[in-house]
Amino acid sequence: MRNKVVLWWGRSDIDYSRNRIVRQLFLSFGWKIIDFSPKISAIADIEAYIRLLPKVTLVWVPCFRQRDVSAACRWANNKKVPLVFDPLISAYDKQVWERNKFSEGSKQANKLLEWERTLFQSVDYLIADTDLHATFYVDKMLVDTTKLAILPVGAEESLFSPQDYSRGNNPVRILFYGSYISLQGPEVIAEAVRLYDGPDVEWCFIGDGPLREQVQKSLEGIDGVNFIDWVPYADLAQNIAQADICLGIFGSTEKTRRVIPNKVYQALACARLVITSESEVYPSSLRKSSQSGLFFVPANDAVALANKVAELVTEPDLIIEGHQNALCSYQQYFSNALLKESLLSILKRVEI
């Protein structure tokens, strides 16, 4: 795949983990990446003509950049170059079902839905990070199944690699990091902290976001609870390494059951067990296994989460075994080698 060029179209954050991983995969294939960050997304195709962009093999519109798709499609169609969009999320899903900004069926929600359907249907190929997200794109966005391809999120293995573990911390350290949005269910974690009845533990919360103040206030006066603002992305692995138990997501939103979040991939890659909400988004063999390093609890169930933490804390050998199994699960199901195979398969489908 030498002498191939991908045009990375849009005002994206190239340091976001999904983008970093995809770009590293392209580079590993020997592709050249040309970044095009237009001043105005809606008329970016005009800017592309003015700037005389070079001939490219593929246009890639990265995650969250719905507003860049229309102009990118016009330019790619004119140049007869295939266009792939990797949205990662649905704007409709986020605004209507996650943030509850618009009521389902309202004029605003329907307008947003029609706009996003048009975008998703207009691209040559649409990337989903999970099978359940792909099903959502078919059922809600009415995308033709022939346009869909799956590329899991994964972890950036140059940063998130297996971390040593001996007998752990005393007290056991439990880590949550995230942006405190409803999908993650930080309020469920806070309730689990209040309900927890077991040996002393340390609860470490890293990050900031809409529900941070609510969560922190609800845990005032409880011993062993620490809040840390954002840490540099490159330091996350060190914080994961210092944890005995990592927490995934526990929200009640529809999107919660359709995604495997960054934090789960990253913890598994670091050889750390994870407690997270059960969902069919995970391979059935992982969900059925008692030796996966993943410990599942029902979504939005603080009692189950508190009980699962207590179970692990009282059985230190389960934690050690869980870490070993976590790395095996990552290597078997989610490694960068598997991502590389998935992207190669996608590029072959695009006939590149």
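None of the figures in this text is laboratory data; all of them are computed from the coordinates on show. All values reported here derive from a predicted model rather than from experimental measurement. Using ideal geometry, Cβ is built from the backbone for each residue, glycine included, and neighbour counts are taken over all protein chains shown.
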Aspartates and glutamates whose Cα lies under 14 Å from that of K348, excluding same-chain neighbours fewer than 8 positions away: D124
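Nearest 0.05, what FRET efficiency do R194 and W115 give at R0 = 41 Å with Cβ-Cβ as r?
0.45
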Separation in nanometres of the label points that stand 7 Å from Cα toward Cβ, at R51 and F29: 2.2
Phi to ³J(HN,Hα) by Karplus 6.51 cos²θ - 1.76 cosθ + 1.60 over the range 86-95, Hz, x for Gly, Pro: 10, x, 6, 9, 9, 4, 4, 4, 5, 7
Taking W75, W203 and counting other C-beta atoms within 10 Å, the order from fewest to most: W75, W203
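List the relative contact order of the range 1-85 as a percent without decimals, with contacts defined as Cα pairs under 8 Å and 6+ residues apart.
Details: 132 pairs, mean separation 31.3, N = 85.
Answer for the range 1-85 is 37 percent.
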Placed amide H near G185: partners under 5 Å, 5+ positions off or other chain: F250, G251
Part-to-part distance (alpha-carbon centres) for the range 311-352 and the range 48-82, which is given in Å: 33
About the Cα centre, charge dipole magnitude for the range 172-333 (Lys/Arg +1, Asp/Glu -1 at Cβ), debye: 600
Interchain or long-range residues, amide H under 5 Å from F295's placed H: V274, I275, T276
Net charge, I245 excluded, C-beta distance under 10 Å - Lys, Arg +1, Asp, Glu -1: +2
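Taking the Cβ of each residue in L27, L294, L268 as the centre, tally the other Cβ atoms inside 10 Å and list the residues starting with the fewest.
The order, fewest Cβ neighbours first, is L27, L294, L268.
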Least to most buried among W230, W60 (fewest other Cβ within 10 Å first): W230, W60
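In percent, what relative contact order does the range 192-304 have, based on Cα pairs under 8 Å that are 6 or more apart in sequence?
Numbers: 132 pairs, mean separation 25.3, N = 113.
Worked out over the range 192-304, it gives 22 percent.
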Average Cα contact separation per residue, the chain, under 8 Å, 6 or more apart, as relative contact order %: 15
Karplus 3J(HN,Hα) series, Hz, for the range 137-145 with 6.51 cos²θ - 1.76 cosθ + 1.60 (x for Gly, Pro): 5, 6, 6, 9, 9, 6, 7, 5, 4
Förster-model FRET efficiency, 51 Å R0, S290 and L142, C-beta, rounded to 0.05: 0.80
Backbone HN-Hα couplings from phi across the range 249-261 [Karplus 6.51/-1.76/1.60, Hz, Gly and Pro as x]: 10, 9, x, 9, 6, 4, 5, 4, 7, 9, 10, 10, x
Total charge dipole magnitude, the chain, about the Cα centre, Cβ charges on Lys, Arg, Asp, Glu only, Debye to nearest 20: 1920
Structure-derived volume of the Cα convex hull per residue in Å³: which label, when the choices are (i) 247; (ii) 152; (iii) 134: (iii)
Separation in nanometres of the label points that stand 7 Å from Cα toward Cβ, at N226 and S37: 3.5
DSSP-assigned coil residues among GluC sites (Glu not before Pro) in the range 247-352, each with at most 10 further Cβ atoms within 10 Å: E351
L148 long-range amide H proximity, modeled H, under 5 Å: L126
